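Student: Next up is a structure, given as structure tokens.
Read-outs throughout are calculated quantities, based only on the coordinates presented, and are distinct from any laboratory measurement. As the structure is a prediction and not an experimental result, all values here were calculated from the model. Cβ atoms come from the backbone with ideal geometry, glycine included; neighbour counts cover every protein chain shown.
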Amino acid sequence: MADRTFYLTTPIYYVNSRPHLGHAGATIMGDAMCRYRRLRGDRTYFLTGTDEHGDKIAQAAAKAGVTPQALVDEIAGAFRETWRRLGITNDDFIRTTEPRHRAVVQAFLQKLHDAGDIYFGEYGGWYCYGCERFYTEKEIVDGKCPDHQTALTFIKEKNYFFRMSKYQDWLIKHLEANPGFIQPERYRNEVLGFLREPLQDLSISRPKSRLQWGIPLPFDDQYVTYVWFDALINYISAIGYPDGALYKELWAAGHAEHLIGKDILKPHGVYWPTMLHAAGIPLYRRLNVHGYWTIGGGKMSKSIGNVVEAFQLTDKYGHDAFRYFLLREMTFGLDASFSEEAFVGRLNADLANDLGNLVSRATTMIVNFGGGRVPPPGSAGAEDTVVSTALAQAARSVDDAMEDFAFQRALAAIWEFLGVVNRYVDSSAPWTLAKDPAKRARLDAVLYTLAESLRAIGILIEPFLPDAAGKIRAAVGAGAPRLADLGWGGIVPGTSIQRVPALFPRIEAEKSLSPEARGQGEGKAAASPARIPIDEFRKVELRVAEVLAGERVPKSKKLLKLTVKVGEEVRTIVAGIAEHYEPEALVGRKIVVVANLEPAKLMGIESNGMVLAASHEGTLALLSLEKDLPPGSKVS
Ligand code: MSP
């Protein structure tokens, strides 16, 4: 990440729906990224906003008996308020009905018109009123809109067109010369895929007789701009294109990045670069594309009730926890599935247990055994250096991950560090050292390491868990967080430390989870199984296995296909752990398997064995070894 100036935008959201989980997911990612860049000390500017024109808005307003402006004011207000409540740190909020936006859209259109890149022509095609767009023959499914599954209307009308086709070859070359222009790579490939077909010119207007609620074309007031020409320009209108200082600093100097969902890849990956190029404006630096949240496997926009309900979990379980879940559970670029059960599982395992317990234990021990003050560090032994080395490693991994918007990887790296510190507490056992006055110097060194780890955690988790980070920093007397302060040894001996008893209280699933989320596994656990003679148990052959490769089983939410090595033998095991483990994260791990099960076919794949894992209240943990032993070792 060489660039020290960073301008990030989210999509501007349509005001035909109130803010929901999907919008929140995108805005939270943007916010985490910008908080991270500020933490690095980078000049950071974060923009979000609302997309307020179009037929649908006008119709909804008419139905509600209010003016379109009154309707958009209300919903834009709801977005603004939601982001405030969630602690989103956007620097500006752009609305497409603002005069500053309208002026830039008109200037942009005029420029392209003057250059001969906008012409008047006739177009006939199949139109979906829901999407406000025409569909090509190829896109139509059974004569219907592929998105809404409703009938399309054939519309023939005169309109203004942008000569997009003229820029097809240029765009292909640009994508080829700049492999990182769209990431993850699958989306770059998808855009290159669109460009394998001849690019059509883009209809950019609608006659006023059909669409009133829009920005009039500067060269023909009988027409208004159509969705994308209006919306995309927000990214430069908000920062004062063409002469504003922000525009020059952030855009013209090449620091702009967009964050979008995969649903709007084509407008951002094809229309926008060609529009910019035609207008003689430099391109954005990078387009970052995230996947979709699904609920129960279905697309979220199709089940709006669920989405709203899911969003209410923010208030039920806290904004930090919600944010953490969204950032941790989604592999950037891929779809992820939201469930209250998985949410509570993560909250209990990662937040209450790994993080909350550590903070509570460490602060309590410094208060109880160190008189509430950071002791002198003493001389660090090998056990202590493991912690400082792990911190430096985590900081590097977080930086690498954030370069790719891979929030899940950044968090996994921080959690590895938490694991190291948790194990350090257990192995150094300050409670035992405290009993022996001769071990005072060692106890001090341990308490110092813990205090310093807490200070580091209070910095590292800031982008992801800002409230918890603030509480931790307050407890260890740390000031404004900066990545530059992560270097080991920053905490000053004598600093007063406060106890932090419960950063994330455990959620008791029985009490809290909604009935559907609770359902799984109930009843089975209650009855204790009959006792068996030892010979019965000996029939089960348990072995250590090393995971060589892992992948998701297509069309299955739960199953992973693992290639494991048991002794010299390599075999395939299908395991129901996909909701708890990323396949790549398992590679190289030693696990325990039942080696002598009869083969079974799962989703058409033959599984030879079974992976052992423990589960509790929605959290699943694979059995692993306390010491490293070769694959094939017998477990008894
Ligand atoms: N107004 C356009 C965007 C114009 S940008 C110049 C629009 N608005 S939208 O309200 O539909 O928001 C789309 C964006 O919201 C997606 O690209 C994505 O970032 C986010 N999401 C909406 N639903 C989502 C999910 N179910 N899952 C994840 N993100 C989703 O398109």
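Student: Taking the chain as the reference, fit the longest principal axis to its C-alpha atoms, fit the long axis of helix 68-85 to the helix C-alpha atoms, and give the angle between the two in degrees, 0 to 90, nearest 10.
Tutor: 20 degrees
Student: Also: Helix 319-329 against the longest principal axis of the chain: what's the angle in degrees, Cα atoms only, rounded to the nearest 10?
Tutor: With both axes taken from Cα atoms, the answer is about 90 degrees.
Student: Read phi for every residue in region 625-636 and hand back ³J(HN,Hα) as whole Hz from Karplus 6.51 cos²θ - 1.76 cosθ + 1.60, θ = phi - 60°, with x for Gly and Pro.
Tutor: 9, 6, 10, 7, 10, x, x, x, 3, 7, 10, 8
Student: Nearest 500 deg cm²/dmol is fine: what mean residue ellipticity at 222 nm does the chain get from its DSSP H runs of n ≥ 4 alone, each adding -39,500 (n - 2.57), divided by its residue count?
Tutor: Helices in the chain give a 222 nm mean residue ellipticity of -11500 deg cm²/dmol.
Student: Related question: In what sequence, highest mean first, do 67-74, 430-437 appear when ranked by Cβ atoms within 10 angstrom?
Tutor: 67-74, 430-437
Student: Okay, moving on. Using 19 Å as the Cα-Cα cut-off, could you pick out the over-long pairs in 56/208; 539/634; 156/208; 111/262; 63/156; 557/601?
Tutor: Listed pairs above 19 Å: 111/262; 63/156.
Student: Still on this structure, I have one more. Looking at the chain, which Cys residues are left with no other cysteine's beta carbon under 4.7 Å from theirs?
Tutor: 34, each lacking another Cys Cβ under 4.7 Å.
Student: Then there is this: Decide, for region 389-497, between rounded, prolate and oblate: order the square roots of the alpha carbon gyration tensor eigenvalues as a ≥ b ≥ c, take rounded if a/c falls under 1.5, and otherwise choose prolate if a/b is larger than b/c, else oblate.
Tutor: Because a/c hits 1.5 or more and a/b exceeds b/c, region 389-497 counts as prolate.
Student: Check residue 133: other-chain or 5+ apart residues with amide H under 5 Å from its amide H, H built from backbone geometry?
Tutor: Distant-sequence amide H within range of residue 133: 128.
Student: Another question, then. Distance between the C-alpha centers of region 329-359 and region 76-135? Whole Å please.
Tutor: Taking the Cα centre of region 76-135 as reference, the centre of region 329-359 is 36 Å away.
Student: Once amide H atoms are placed 1.01 Å from N in the peptide plane, what residues at a sequence separation of 5 or more from residue 550, or on another chain, have their amide H within under 5 Å of its amide H?
Tutor: Those qualifying (amide H under 5 Å, at least 5 residues apart or on another chain) are 563.
Student: Quick one: helix 466-475 against the long Cα principal axis of the chain, what's the angle to the nearest 10°, folded into 0 to 90?
Tutor: Computed tilt is about 40 degrees.
Student: Whole-Hz ³J(HN,Hα) for each residue in region 165-175, computed from phi via Karplus 6.51 cos²θ - 1.76 cosθ + 1.60 with θ = phi - 60°, x for glycine and proline: what do you get?
Tutor: Each residue of region 165-175 in turn: 4, 4, 9, 4, 5, 4, 5, 4, 4, 4, 5 Hz.
Student: Determine the shape class of region 68-223: with a ≥ b ≥ c the square roots of the Cα gyration tensor eigenvalues, call it rounded for a/c under 1.5, and otherwise prolate if a/b is greater than b/c, oblate otherwise.
Tutor: Taking the square roots of the gyration eigenvalues as a ≥ b ≥ c, region 68-223 is rounded.
Student: Give the average over all directions of the projected area of the C-alpha convex hull of region 535-636, one decimal, in nm².
Tutor: Averaging across all directions leaves 6.8 nm² for the Cα convex hull.
Student: What is region 206-276 by shape, rounded, prolate or oblate, if you read a ≥ b ≥ c off the alpha carbon gyration tensor as root eigenvalues and call it rounded for a/c under 1.5, prolate for a/b larger than b/c, and oblate otherwise?
Tutor: It comes out oblate by the Cα gyration axes.
Student: Using amide H atoms built 1.01 Å from N in the peptide plane, name the residues 5+ places from residue 94, or on other chains, whose amide H lies under 5 Å from its own.
Tutor: HN-HN under 5 Å from residue 94: 48, 49, 50.
Student: Report the gain in length on full extension from residue 78 to residue 138: 0.36 nm times residue separation, minus Cα-Cα distance, nm rounded to one decimal.
Tutor: 17.8 nm
Student: Name the residue farthest towards the positive end of the dipole of the chain from the options 574, 13, 209, assuming +1 on Cβ of Lys and Arg, -1 on Cβ of Asp and Glu, about the Cα centre.
Tutor: 574
Student: For region 84-167, state which trypsin sites (Lys or Arg not before Pro) are in a DSSP loop and have at most 14 other beta carbons lying within 10 Å of their beta carbon.
Tutor: Qualifying residues, ordered by number: 138.
Student: Cβ neighbours within 10 Å, averaged per peptide: list 19-29, 498-508 in order, most packed at the top.
Tutor: By packing density, highest mean first, the sequence is 19-29, 498-508.
Student: Now, a different point. Past the 40 angstrom mark, what percentage of all C-alpha to C-alpha distances in the chain do you count?
Tutor: For the chain, the fraction of Cα-Cα distances above 40 Å is 39 percent.
Student: Counting only the backbone N, which residues of region 146-176 are under 17 Å from the spot 7 Å out from the Cα of residue 209 toward its beta-carbon?
Tutor: Answer for this model: 154-160.
Student: Stretch residue 195-residue 431 to full length: gain in nm at 0.36 nm per residue minus the Cα-Cα span?
Tutor: Gain in length upon complete extension: 78.4 nm.
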